[in-house]
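Please read the structure below before turning to the comments.
The values are calculated or read from the model by the stated rules, or taken from the named source; none is laboratory data. In this text, all values refer to a predicted model and were calculated from it rather than measured experimentally. So basically every Cβ, Gly included, is an ideal-geometry build from the backbone, and we count neighbours across all protein chains shown.
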Amino acid sequence: MHEPRSIHPGHAWRDLKTHSLPLLVLGYTAVALALTEYVFLAGHFAKLFPQVAREFAPGVVYGSWAAVPAGREAPWWGVLLPWAWWIGGMLVLWVALPAALAWKFKFRPSELGLRAKGVLPKLWVYGVLYLVVMIGVLWAGTQEGFTRMYPMIKPWYCERWTGAVLLSWWALYALQFFAVEFFFRGWMLFTLEKELGMASVAVMIVPYCMIHFHKPLPEALGAVIAGMVLGWLALRTRSIWGGWLVHVAIAISMDVLSLMKGDYGLPKMFGP
């Protein structure tokens, strides 16, 4: 049983120095998630840049292209801007700044899960994981909330629903999942492992589950299991790349399934 200890500013400073790494990692994690939620989500783009949003992404501003005032035009790529804002913020807050902080603690990029050596022979494990998760995705595809959520860029936001829009979205989506994997299975996991060992996986899945709160409940709960599995695999392989690949593959599969079940389907033309 721990006895009460005296409180003194010097004791606080000593404890901060002793546990500086986990305190910095978890403190920064909280700040980065808060800034993402209140500043960088795609829905904030029109509030922060109303004129740009009306000019380049009117279908998003008005809820559908059918509601856009007659005569209004916009470039085909304009619909992507709110999500580019979101993903750009994530690349700064979830990749660039954490990497800089980790460098200050003398972590090399390869020590944050960015190593590719030895991953290829283990990709079959992620293939099995993809097939297992797809069972749940196929069930989710029968739920109305699933088709309302995916894809995040709705066909009705666009003047023309084309392959160029969808493929560009998937490219941005892949960058977003790199930020997710690096932040949770790279930055958080490998820095916290230094003091917490395998328990770093348990710490990581708490905020990882919370970023799914905007999504359907089964997906948010599934993120707990997926986060534990991906976290354990990242520690075993010392790499985030397998998790990134399976995350991108599942996300694109979910988009395709949702589009096939919806009214618009996959684009019938490629060009803008």
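For the range 115-129, the criterion of a residue being closer than 22 Å to Gly262 by Cβ and in contact (Cβ under 8 Å) with a residue 60 or more places away in the chain is satisfied by no position.
Scoring Lys215 on the criteria (1) of a type outside the set (Phe, Trp, Tyr); (2) at pLDDT below 95; (3) surrounded by 15 or more Cβ atoms within 10 Å (Cβ to Cβ); (4) in contact with a Phe, Trp or Tyr (Cβ under 9 Å, 6 or more places away or on another chain) leaves a single failure, condition (4).
Conditions (1) crowded, with 19+ Cβ neighbours inside 10 Å; (2) farther than 25 Å from Leu26 by Cβ; (3) acidic (Asp, Glu), marked per residue:
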{"position": "Gly197", "(1), (2), (3)": "no, no, no"}
{"position": "Cys209", "(1), (2), (3)": "no, no, no"}
{"position": "Ala220", "(1), (2), (3)": "no, no, no"}
{"position": "Val224", "(1), (2), (3)": "no, no, no"}
{"position": "Met228", "(1), (2), (3)": "no, no, no"}
{"position": "Trp232", "(1), (2), (3)": "no, no, no"}
{"position": "Thr237", "(1), (2), (3)": "yes, no, no"}
{"position": "Ile250", "(1), (2), (3)": "no, yes, no"}
{"position": "Phe270", "(1), (2), (3)": "no, yes, no"}
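For the range 216-223, the condition holds for at least one residue, the condition being that it is over 12 Å from the mean Cα position of the chain (by Cα) and charged (D, E, K, R).
Being of a type in the set (Ser, Thr, Tyr) and in a helix (DSSP H, G or I) is the filter; apply it to the range 33-76 and report the residue that is nearest to Phe183 (Cα to Cα). Walk me through it before giving the result.
Taking the range 33-76 as the starting set, the residues that turn out to be of a type in the set (Ser, Thr, Tyr) are 36, 38, 62, 64.
Now narrow it down to the ones that are in a helix (DSSP H, G or I): 36, 38.
Numbers: Thr36: 13, Tyr38: 18 Å.
So, considering only residues that are of a type in the set (Ser, Thr, Tyr) and in a helix (DSSP H, G or I), the one nearest to Phe183 (Cα to Cα) is Thr36.
This table checks each residue for (1) touching a residue at least 40 places away in the same chain (Cβ under 8 Å); (2) farther than 28 Å from Leu266 by Cα.
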{"position": "Ser168", "(1), (2)": "yes, no"}
{"position": "Tyr173", "(1), (2)": "yes, no"}
{"position": "Gln176", "(1), (2)": "yes, no"}
{"position": "Ala179", "(1), (2)": "yes, no"}
{"position": "Thr191", "(1), (2)": "yes, yes"}
{"position": "Glu195", "(1), (2)": "yes, yes"}
{"position": "Ile205", "(1), (2)": "no, yes"}
{"position": "Pro216", "(1), (2)": "yes, no"}
{"position": "Ile225", "(1), (2)": "no, yes"}
